[in-house]
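Have a look at the structure below before the remarks.
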Amino acid sequence: MSLEEVRKSRGVTAAAMAINVGLTVQELLAIERGKQYPRLCVAQKWANALGISFEEFSRHFYEKADPAQLLECEGKNS
């Protein structure tokens, strides 16, 4: 599930989330689409706003931004 899907499943608009984490809507959407990487402090605020752990946030982000890297990390932890 992408960050966008998680956000929408919680009934939060892109505009509301952008304000909550201190981004423009354009920046938020670029991150959700995996085109831009969030700063660490933004990622933590975003995870908190979604009610998920930072680890869950990272999985949702890398699923879209760099699935190969996510698979590599999961393989090393198995």
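Any read-out appearing in this document is the output of simple, stated calculations on the displayed coordinates, not a laboratory observation. Predicted model only: the values in this text are computed from it and were never measured. Reconstructed Cβ throughout: ideal geometry from the backbone, glycine too, with neighbour counts over all protein chains shown.
Things to note:
- FRET efficiency for residue 56 and residue 20, using Cβ-Cβ distance with R0 set to 22 Å, rounded to 0.05: 0.80
- One quarter of the convex hull surface built on the alpha carbon atoms of the chain amounts to 4.8 nm², the projected area averaged over directions.
- Label-to-label distance for residue 5 and residue 73 is 1.8 nm, based on points extended 7 Å past Cα in the beta-carbon direction.
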